[in-house]
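Contents: one structure, followed by commentary.
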Amino acid sequence: MDLADRERRLARAEALVRDLADRGVVAVATSFVDNAGISRVKSVPLDRLPSLAAWGVGFSTAFDYFRFDDWVAAPPDGSAPVGDQRIVPDLDRLVVLAAQPGWAWAPGDRFAQTGDPYPLDSRLLLARLVDDLARRQISVLSAIEIEWVVSEAGEEYVPAASGPAYGLTRLTNVSEYCRDVLAALAEEGVRVEQFHPEYAAGQLELSVAPESPVYAADTSVLVRSTIRAVGVRHGLRTSYSPKVDAAGVGNGGHVHLSLGRDERNLMAGGSGRFGLTEEATAFAGGILEHLPALLAIGAPSVASYLRLVPQHWAGAYACWGLENREAALRMVTGSQGSEEWAANLEVKCFDLHANPYLMLAGLLAAGTAGLDAGASLPEPVDVDPAALGDEALAERGILRLPGSLRESTDAFAADTVVGAAFGAALVDAVRAVRESELELFANATAEEVAAASRWAH
Ligand code: GLU
Ligand code: MG
């Protein structure tokens, strides 16, 4: 970012200020997501927006080493408190927040004080990987599903929405809250596609329309923040934790992906299984191959592995299958006749402790490696893998995905493809945060992990 860029940003923000003031905006927040999946924020009064847009606002470089509970897992060389980076809002994504009157928000990109992109910034990393695919004339559409639970206020988890799984009763019991969530998202321009009560008590889910990956990750941050804000107004507490309650069902953060070229969906109309094109097959094959390492990004906490168990529709097996909710990769074709716009791949094993930018960056890096290698997919699995039994699983080469953060962190450390895409500095920071969380919970029970991880994200 040079001086001319800064001038352009300044002028653009100046032009926005009056309209934002007319809409009651008093302050603008900009945030980035750290390696533990926490959104970290700075804000300015509205009249400072032009300065924020041109010069950003400072953040310590130590934030790449922050653990979910704010412990700093910094390297022992004493560098943590030294250095600064600037977070600069993306004005194209500025939104007036519907459930926080007076506030606007924009996702931020991080730059070094030189104006160069900050090498550990996950939003810029994702944008680069999207550009790499664009050079192959491949576009990507993505959406991240959101499952959450609402609880009565307080430290304990007390489900605030009662009634059966997927039950109309549950919707009725929290009808006004649900209406306010949907109304706020509509006001913010979020295109919600579906909303329903999920399996567990207090659990709800919504899905949004697919967008380009960076925007899909932005939307995921915005939607979560909006849901939380509506909850606050209703005196409710929100948790996106993969395991809110050790004994209950988890919250997933399933990722939908499709590739396109010239308005054509590469996930449909091809000669491969279920209509996949050769390129889509190779891309999916790359993802499947790298899933154990990607779990350190997409299921990044100790709590993630309390959720990622067989027979919970979390996708605990490294396999794929048509509409198979126990496969880590679920192929979705849509109904006959809708394949061209509906076909996509759902990555089920990820959850919302993940940094969505990093998670999508990992998927694109692995998929791109699959394209380079001309990767293939194994035989799809058309049954719950757990029902096959150990012998048949071994015979068919269907493996369990890592069952712990230890295993996925080791796979991540050993994965040179994902490592090369992320860069050494980012890999080191991610590993430090994961190691630190492993140390924190080394002797903890599942209940203790669930309780400690419940409210941070
Ligand atoms: N809650 C499940 C999970 O942990 C997913 C249920 C579903 O398929 O929507 O991922
Ligand atoms: Mg669901």
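None of the figures in this text is laboratory data; all of them are computed from the coordinates on show. Just so it is clear, the model here is predicted, and its values are computed rather than measured. Glycine gets a Cβ as well: all are built from the backbone with ideal geometry, and neighbour counts include every protein chain shown.
A cut-off under 13 angstrom between Cβ atoms defines the neighbours of Glu14, and their net charge, with Lys, Arg +1 and Asp, Glu -1, is +3.
Just in segment 372-431: which GluC sites (Glu not before Pro) are loop by DSSP and have at most 10 other Cβ atoms within 10 Å? In loop regions of segment 372-431 (DSSP not H, G, I, E or B), there are no sparsely surrounded GluC sites (Glu not before Pro).
When each of Phe63, Phe412 is scored by the number of other beta-carbon atoms lying within 10 Å, the sequence from fewest to most is Phe63, Phe412. With neighbour counts taken as other beta-carbon atoms within 10 Å, the residues Ser139, Ser239 rank, fewest first, as Ser139, Ser239.
In the chain, a dipole from Cβ-located charges (positive for Lys and Arg, negative for Asp and Glu) runs towards its positive end, and of Leu206, Leu133, Ala53 it is Ala53 whose Cα lies farthest in that direction. Using the Cβ-Cβ distance between Ser212 and Thr172 with R0 set to 30 Å, the FRET efficiency works out to roughly 0.25. Can you tally the net charge around Pro378? Count Lys and Arg as +1, Asp and Glu as -1, for every other residue whose Cβ sits under 13 Å from the Cβ of Pro378. Neighbourhood net charge equals -2. Couplings for segment 423-439, taken from phi via the Karplus curve 6.51 cos²θ - 1.76 cosθ + 1.60 with θ = phi - 60°, read x, 4, 5, 5, 4, 4, 5, 4, 4, 4, 5, 5, 4, 5, 5, 4, 5 Hz in order; Gly and Pro are left as x. Neighbour counts of C-beta atoms inside 10 Å place Leu405, Leu352 in the sequence Leu405, Leu352, starting with the fewest.
Residues whose amide H falls under 5 Å from that of Ala73, counting only those 5 or more places apart or on a different chain, are Phe66, Arg67, with hydrogens built in the peptide plane. For Ala328, the residues whose amide H sits under 5 Å from its own are Tyr317, Cys319, ignoring neighbours fewer than 5 places away on the same chain, with H placed 1.01 Å from N.
Across segment 391-405, computed HN-Hα scalar couplings (Karplus, 6.51 cos²θ - 1.76 cosθ + 1.60, θ = phi - 60°) run 5, 5, 4, 5, 4, 8, x, 8, 9, 6, 5, x, x, 8, 5 Hz from first to last residue, x flagging Gly and Pro.
Counting Lys and Arg as +1 and Asp and Glu as -1 over every other residue whose Cβ lies under 12 Å from the Cβ of Glu211, the net charge comes to 0. For Asp131 and Asp22, what does the FRET efficiency come to when R0 = 35 Å and r is the distance between their Cβ atoms, rounded to the nearest 0.05? The pair Asp131/Asp22 has a calculated efficiency of 0.45.
When the helices of the chain are scored as -39500 (n - 2.57) per DSSP H run of n ≥ 4 and the total is divided over every residue, the value at 222 nm lands at -12500 deg cm²/dmol.
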